[in-house]
Amino acid sequence: MTPVSAEARSRALRQGPAKGRCVLHWMSRDQRVLDNPSLELAVAKGRELGLPVLSCFCLSPQFLGATIRQYGFMLRGLEEVRSSLEGRGIGFQLLTGSPERELPGLISDVEAALLVTDFDPLRLKLTWKEAVLKAARIPAYEVDAHNIVPCWQASPKREYSAATFRPKLRRLLPSFLSRPNPLPSPSIPWRDGITGDIQAARRALKVDRGVEEVSWARPGERAALTALRDFVARRLPGYAEARNDPLRDGQSGLSPYLHFGQLSPQRAAWEVRSSSAPQEDKEAFLEELIVRRELSDNFCLHAPDYDTPGCFPEWAKASLDQHRFDRREHAYAEAELEAGRTHDPLWNAAQREMVLRGKMHGYLRMYWAKKTLEWCSGPEEAMRIAVRLNDRYELDGRDPNGYTGIAWSIGGVHDRAWPSRPIFGKVRYMSLSGARSKFDVDAYVRRAEAL
Ligand code: FAD
Ligand code: FO1
């Protein structure tokens, strides 16, 4: 398989002559040094222009409801990024504040000749990028370092299901699923020192410190690689069957590393595919890692209202509307849901696990979100509460996978219509008895109560 250049994963946001004293890399979604095509392109441009490379990260103090749980994990990962860049002669600068203001200031301070940044379909990120490009008139490139097939190449439009998206990805995967490239060294090392005290920035953060940091995942790209290799060696075999049982440690646990970009999906896919695990387990994992995950980016990029019922397919909107005023046997206020005080022991246990550990098993996430529709006043309130709780407590929250997973659960996005029923209409229903047929619910509840 011939290596795939970073260029092939990039698109020009603005062309033009590059004149200045350095190439500036704006790291945001993909917070890693190795296997990072956006950093790779910045170094390649620096070698072409004979300029040093500076990488920067802009710490935005309020990011989509994130608490110290997520900021703490992210900042520890950035400490590792900083020291590993220093060792490679690439500069690192930590900015704090809003990127719309801070980036243009840095671009002029360092007289950047050209800007390279990573791709992110979230609305807030698109707003940041637009503002920076408007303020700084230098050539700029965007690299999709998060999808194996660059999002804009996989499909030019919103895909309605995995079934329509999978063949498009399959066709392009052979040209993009390659071994990740080594990072070339810059031709001119960065000599103006490293700025930005990450520890001081962490102390200065005015974020909710009531949601504790997690202990089950060590942050940073070295820990991410260890977690990947441990999963591939010990738990990929049997994944296809074990992944749906919340009582077995069957999922990979890689989502925080993928969310913060501390692990390259290309690296994960490459090592899974080259492993000696059974074919059905490899396929089951790659279906989630590539098809489901990259479908989420397609959805958020092409449905900017991804966190409201506006993004639901028409059949689901009409059907949910028709059943909007159906009688609810149970109804809960947001505070009762957040406190996990409902009549449903399984839901309460899943909520408790998420609040205390910052993670919830994939099967339970579907059940958890669907019940908010059943117990809230309508899809709008259900979406708002599910998004707020998911983004506040989940370590992997504030991610296209989350907005898509919640829209799938509450509004049938990427799903089909089911026989109509009260409240849900034609949106797929999930029941406690259904869960009991899949795993030992009482054992899961006991385990969560012991947390
Ligand atoms: P594994 O089963 O080991 O899968 C490996 C990777 O594949 C995951 O890390 C993820 O990147 C991807 N993946 C797996 N399942 C899905 C899926 N259904 N959709 C998209 N990608 C998937 N994922 C998040 O990263 N952040 C979230 O905030 C989030 N919120 C969700 C909310 C709801 C209501 C639902 C139904 C799903 C949500 N998911 C979210 C998707 C999925 O549940 C998690 O990615 C997965 O459980 C993470 O655990 P893992 O890494 O061990 O998964
Ligand atoms: N990206 C940034 O560029 N700056 C930030 O300050 C920042 C904070 C942050 C906090 C929690 C979190 O889950 C993500 C955060 N991100 C930040 C964005 C993240 O890197 C991803 O780009 C998106 O959340 C997913 O696409």
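Bear in mind that the values in this text are calculations on the coordinates, not laboratory data. Values in this document were obtained by computation on a predicted structure and should not be read as measured data. So basically every Cβ, Gly included, is an ideal-geometry build from the backbone, and we count neighbours across all protein chains shown.
Taking a Cβ cut-off of under 12 Å around E111, the surrounding Lys, Arg, Asp and Glu residues balance to a net charge of 0, with basic ones at +1 and acidic ones at -1.
Considering only DSSP states other than H, G, I, E and B, which trypsin sites (Lys or Arg not before Pro) in region 64-165 qualify as loop sites with at most 10 other Cβ atoms within 10 Å?
K157
Of V23, V81, the sequence from fewest to most neighbouring Cβ atoms within 10 angstrom is V81, V23. Taking 0.36 nm per residue of sequence separation and removing the Cα-Cα distance, the E338/T96 pair yields an extension gain of 84.0 nm. Here the chain is treated with +1 on each Lys and Arg Cβ and -1 on each Asp and Glu Cβ, and its dipole about the Cα centre works out to around 420 debye.
Please list, by residue number, every one of the chymotrypsin sites (Phe, Trp or Tyr not before Pro) in region 245-319 that is coil in DSSP and has at most 13 other beta-carbon atoms within 10 Å.
Filter output for region 245-319: empty list.
Applying the Karplus relation 6.51 cos²θ - 1.76 cosθ + 1.60 with θ = phi - 60° to region 432-438 yields 3J(HN,Hα) values of 4, 5, x, 5, 4, 6, 9 Hz, where x marks Gly and Pro. Annotation: extensible slack from E241 through R137 equals 32.2 nm (criterion: 0.36 nm per residue apart, minus Cα-Cα distance).
The charge dipole of region 385-445, taken about the Cα centre with unit charges on the Cβ atoms of Lys, Arg (+1) and Asp, Glu (-1), comes to about 340 debye, rounded to the nearest 20.
The fraction of all Cα pairs in the chain landing in successive 20 Å bins from 0 to the largest distance is 24, 57, 18, 1, given as whole percents. Other residues within the sphere of radius under 10 Å centred on the Cβ of G340, judged by their own Cβ, net out at -2 (K and R +1, D and E -1). Dipole magnitude for region 1-146: about 240 debye, using +1 per Lys or Arg Cβ and -1 per Asp or Glu Cβ, origin at the Cα centre. Think of the chain as having a plus end and a minus end, set by charges on the Cβ of Lys, Arg, Asp and Glu; of W368, A349, H330, W368 sits farthest toward the positive end of this dipole. In this simple spin-label model, placing a label point 7 Å from the Cα along the Cα-to-Cβ direction at both K168 and R21 gives a separation of 4.4 nm. The amide H of S98, built 1.01 Å from its N in the peptide plane, has no neighbour under 5 Å, considering only residues 5 or more places off or on other chains.
With R₀ set to 60 Å, the beta-carbon distance separating H330 from E86 gives a calculated FRET efficiency near 0.60.
In plain terms, the residue of T67, T404 with the fewest other Cβ atoms within 10 Å comes first and the most crowded comes last, giving T67, T404.
For R248 and R14, compute 0.36 nm times the residue count separating them, minus their Cα-Cα distance, and round to one decimal in nm. Kindly include the intermediate steps, with their values, before the conclusion.
On the way: separation 234, 0.36 × 234 = 84.24 nm, distance 4.89 nm.
So the chain would gain 79.4 nm between R248 and R14.
Using R0 = 30 Å, the C-beta based FRET efficiency linking D321 and R123 works out to 0.75.
With neighbour counts taken as other beta-carbon atoms within 10 Å, the residues I406, I423 rank, fewest first, as I423, I406. Using just its DSSP H runs of length 4 or more, each adding -39500 (n - 2.57), the chain gives a mean residue ellipticity at 222 nm of -14000 deg cm²/dmol after division by all residues.
If you filter region 290-335 for GluC sites (Glu not before Pro), then keep DSSP loop positions with at most 12 other Cβ within 10 Å, what is left? Loop-located and lightly packed - E329. Of interest is the spacing of the C-alpha centroids, which for region 221-258 and region 94-164 amounts to 30 Å.
Computing FRET efficiency as 1/(1 + (r/R0)^6) for Q279 and R158, where r is the C-beta to C-beta distance and R0 is 30 Å, gives about 0.45. The DSSP beta bridges internal to the chain are antiparallel in roughly 20% of cases.
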